[in-house]
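Reviewing the structure listed below.
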Amino acid sequence: MGGSSMVSSMVADVHRTLLYGGIFLYPADKKSPNGKLRVLYEVFPMSFLMEQAGGQAFTGKQRALDLVPTKIHQRSPIFLGSYDDVEEIKALYAAEESHA
C-alpha cells in the first residue's frame, strides 16, 4: 500500500489505520467547529476499538471515551491512531494552547 489512502468511510479508514498504522483524523475547522462525526454512533465505537487495539482516541481536548454527550446527535473532532501517533497530536495541541 503506497501513499496516503482514504476512502471517505470512517469504518474503512479506521480499519486501514488498525491494519497498517498511521492516524485517522477528522479535526474541527471553521465550517464545523464542533467536528463532523457524531459522538454516540461514530466517535465512541471507533474510539473503543482503537483503545482495545492499544491505540488512543483524542478529541483535541480530552480522551474521546471520557466525553459526556448532552445531545443525541452531538458531534466531536476525533484523532484515532497508535499510542505514539496520538501523543504527537496531543503535544501539538498543548503547544498551540500554550501560545494562545
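Values in this text are rule-based calculations from the coordinates and carry no lab data. Since the model is a prediction, treat every value here as computed from it, not as a measurement. Every residue, glycine among them, receives a Cβ derived from its backbone with ideal geometry; neighbour counts consider all protein chains shown.
Within segment 18-38, can you find the residues that are surrounded by 13 or more Cβ atoms within 10 Å (Cβ to Cβ) and either more than 19 Å from ILE89 (Cβ to Cβ) or out of contact with any Leu (no Cβ under 6 Å at 6 or more places or on another chain) (or both)?
Result: LEU18, GLY22, ILE23, LEU25, PRO27, ALA28, SER32, GLY35, LYS36, LEU37, ARG38.
Would you please name the residue that is farthest from VAL43 (Cα to Cα), looking only at residues in segment 74-90 that are assigned to a strand (DSSP E or B) and in contact with a Phe, Trp or Tyr (Cβ under 8 Å, 6 or more places away or on another chain)?
Applying the filter and picking the extreme gives GLY81.
Search segment 71-95 for residues that are without any contact (Cβ under 8 Å) to a residue 40 or more places away in the chain and pair each with any residue that is loosely packed, with under 12 Cβ neighbours inside 10 Å when their beta-carbon atoms are under 7 Å apart and the residues are at least 6 apart or on different chains.
TYR83/GLY54
Being small (Gly, Ala, Ser) and touching a Ser or Thr at 6+ places or on another chain (Cβ under 6 Å) narrows it down to one of GLY60, GLY55, so name that one. Quick ask: steps written out before the conclusion?
Values: GLY60 fails: touching a Ser or Thr at 6+ places or on another chain (Cβ under 6 Å).
Just a single option satisfies the conditions, and that option is GLY55.
Across segment 55-92, which residue is surrounded by the fewest Cβ atoms within 10 Å (Cβ to Cβ) among those that are in contact with a Lys or Arg (Cβ under 9 Å, 6 or more places away or on another chain) and among the aromatic types (Phe, Trp, Tyr)?
Across segment 55-92, the extreme among qualifying residues is PHE58.
With respect to GLN52, is the statement that it is surrounded by fewer than 18 Cβ atoms within 10 Å (Cβ to Cβ) and in contact with a Lys or Arg (Cβ under 8 Å, 6 or more places away or on another chain) true?
The answer is no for GLN52.
From the set of residues in segment 8-53 that are in contact (Cβ under 8 Å) with a residue 24 or more places away in the chain and among the small types (Gly, Ala, Ser), which is farthest from GLU87 (Cα to Cα)? Steps first, please.
To start, the set of residues in segment 8-53 that are in contact (Cβ under 8 Å) with a residue 24 or more places away in the chain comprises 10-11, 14, 17-18, 21-28, 32, 34-40, 42-43, 46-47, 49-50, 53.
Filter again for among the small types (Gly, Ala, Ser), leaving 21-22, 28, 32, 35, 47, 53.
Values: GLY21: 14, GLY22: 12, ALA28: 18, SER32: 24, GLY35: 20, SER47: 15, ALA53: 16 Å.
By that ranking, first place goes to SER32.
In segment 60-72, is there at least one residue being touching a Pro at 6+ places or on another chain (Cβ under 6 Å), of a type outside the set (A, V, I, L, M), under 14 Å from MET10 (Cα atoms) and assigned to a loop (DSSP other than H, G, I, E, B)?
Checking segment 60-72: not a single residue is touching a Pro at 6+ places or on another chain (Cβ under 6 Å), of a type outside the set (A, V, I, L, M), under 14 Å from MET10 (Cα atoms) and assigned to a loop (DSSP other than H, G, I, E, B).
What number of residues within segment 13-36 are touching a strand residue (DSSP E or B) at 6+ places or on another chain (Cβ under 6 Å) and on the phi > 0 side of the Ramachandran plot?
1
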